[in-house]
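Each remark here refers to the structure printed beneath this line.
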Amino acid sequence: SYLGSRAVIEALGNPFQSLLQQAGHPQIVFAGENLSEDYHASLLELLDKKEYALAVISKSGTTTEPAIAFRLIRQHLENKYGKEGARQRIFAITDEKKGALKKLSDAEGYSAYVIPDDVGGRYSVMTPVGLLPIAVAGFDIRRLLDGAIRMREIALASDGIQQNPCALYAAVRNILYRQGKSVEILVAFEPSLLYMIEWWKQLYGESEGKDHKGIFPAGVTFTSDLHSMGQYIQEGLRNLFETVISVGNPAKKLVVPTDPENFDGL
């Protein structure tokens with residue numbers, strides 16, 4: 001569930017925010033998406049030196065990775081701030097009525113937000129699952145929701161495939177799949193879109209990879225991966241196709257200096 005919010009935060013944020021050392025919005029750090037002992041031990045060492053709060057996200061409360069991370073960080077919070085102080089710094093995002101995390105949050109008095117029953121984890125970025133971290137990171141979630149609503153209106157406005165980008169994308173993918181193209185590579189030209197690719201891989205892999213069928217979702221970031229994966233993409237097995245996403249900040253355009261006499265040899 002964390003991939004959607006991380007994709008938005010990484011795409012909209014400054015890649016060097018943690019080095020700027022400027023006062024402002026909190027930095028969002030993720031845990032509970034893996035079982036790495038080294039990762040969580042290093043995280044706890046960091047939290048020894050930082051003021052922090054915890055948003056624990058789990059519909060059931062029993063998913064292994066977030067449950068283990070929650071126990072570790074909750075214990076750290078209670079040791080650092082005391083039980084009452086920790087209670088004020090824990091926010092639960094979980095089922096409205098049932099589940100282990102819902103029961104615990106009611107018993108402990110944690111502030112809680114609801115994951116709607118009809119929304120799966122990979123689709124949950126437009127619920128408190130994604131919106132709370134994005135808002136805390138300093139981004140305008142109302143504008144994000146307005147954009148999502150507008151895109152939905154565009155997708156539902158026309159039955160004509162040429163006027164409906166979602167239907168056109170789906171149709172082209174299926175045509176290519178029936179022609180033996182079983183791998184789709186999502187290509188981004190901005191490093192900040194890396195987690196957008198990872199989220200897209202989850203959306204399509206988890207949704208389509210069933211009954212021994214489905215297009216395998218892969219991803220690359222250009223131009224970097226042209227020097228590692230480019231050879232295979234251009235001349236490897238011909239079972240793949242590429243979809244390109246690209247976005248840039250128009251306020252951050254660079255002009256490369258010219259050297260009329262080519263003194264630098266480039």
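Based on what the data block shows, is LEU145 of a type in the set (A, V, I, L, M), open to solvent by 40 Å² or more (accessible area, probe 1.4 Å) and either out of contact with any strand residue (DSSP E or B) (no Cβ under 9 Å at 6 or more places or on another chain) or part of a strand (DSSP E or B) (or both)? For LEU145, the condition - of a type in the set (A, V, I, L, M), open to solvent by 40 Å² or more (accessible area, probe 1.4 Å) and either out of contact with any strand residue (DSSP E or B) (no Cβ under 9 Å at 6 or more places or on another chain) or part of a strand (DSSP E or B) (or both) - is met.
Scanning the range 90-130 for residues that are surrounded by fewer than 21 Cβ atoms within 10 Å (Cβ to Cβ), in a strand (DSSP E or B), of a type in the set (A, V, I, L, M, F, W, C) and in contact with a Leu (Cβ under 9 Å, 6 or more places away or on another chain) turns up PHE91, ALA112. The residue pairs whose first member lies in the range 45-61 and is free of Cβ contacts under 8 Å to residues at least 60 places away in the same chain, whose second member is assigned to a helix (DSSP H, G or I) and open to solvent by less than 70 Å² (accessible area, probe 1.4 Å), and whose beta carbons are closer than 6 Å, counting only pairs six or more residues apart or on different chains, are LEU47/HIS76; LEU54/ILE73; VAL56/PHE70; SER58/PRO66; SER58/LEU101; GLY61/ALA100; GLY61/LEU101.
Counting residues in the range 69-78 that are within 24 Å of GLN202 (Cα to Cα), modelled with pLDDT of 95 or more and assigned to a helix (DSSP H, G or I) gives one or more.
Kindly check whether there is at least one residue in the range 180-196 that is within 24 Å of GLY130 (Cα to Cα), at pLDDT 95 or above and out of contact with any helix residue (DSSP H, G or I) (no Cβ under 8 Å at 6 or more places or on another chain). Yes. Here are some conditions: (1) open to solvent by less than 40 Å² (accessible area, probe 1.4 Å); (2) at pLDDT below 95; (3) within 18 Å of LEU3 (Cα to Cα); (4) not β-branched (Val, Ile, Thr). LEU35 meets all but one. Which one does it not meet? Of (1) open to solvent by less than 40 Å² (accessible area, probe 1.4 Å); (2) at pLDDT below 95; (3) within 18 Å of LEU3 (Cα to Cα); (4) not β-branched (Val, Ile, Thr), only one is false for LEU35: (1).
So in the range 72-86, with the set limited to residues that are open to solvent by 50 Å² or more (accessible area, probe 1.4 Å) and either in contact (Cβ under 8 Å) with a residue 24 or more places away in the chain or touching a Gly at 6+ places or on another chain (Cβ under 6 Å) (or both), which one is nearest to TYR2 (Cα to Cα)? Across the range 72-86, the extreme among qualifying residues is LEU72. Assigned to a loop (DSSP other than H, G, I, E, B) and surrounded by 15 or more Cβ atoms within 10 Å (Cβ to Cβ), is that true of LYS181? Yes, satisfied.
Select from the range 195-233 the residues that are of a type in the set (Asp, Glu) and either open to solvent by less than 50 Å² (accessible area, probe 1.4 Å) or more than 20 Å from the chain's Cα centre (by Cα) (or both) and list them in ascending order. Those that are of a type in the set (Asp, Glu) and either open to solvent by less than 50 Å² (accessible area, probe 1.4 Å) or more than 20 Å from the chain's Cα centre (by Cα) (or both): ASP211, ASP225. In a residue-by-residue description of the range 58-71, the property of being under 26 Å from PHE16 (Cβ atoms) and either open to solvent by less than 30 Å² (accessible area, probe 1.4 Å) or not small (Gly, Ala, Ser) (or both) applies to no position.
When residues in the range 204-224 are screened for being under 24 Å from GLN234 (Cβ atoms) and free of Cβ contacts under 8 Å to residues at least 12 places away in the same chain, 0 of them pass.
The values are calculated or read from the model by the stated rules, or taken from the named source; none is laboratory data. This is a predicted model, so every value here is computed, not measured. Ideal geometry is used to build each Cβ from the backbone, glycine not excepted, and the neighbour counts take in all protein chains shown. Please note that ligands, DNA and RNA were not included when accessible areas were found on the heavy atoms of the full protein model with its side chains. Shrake-Rupley method; radii C 1.70, N 1.55, O 1.52, S 1.80 Å.
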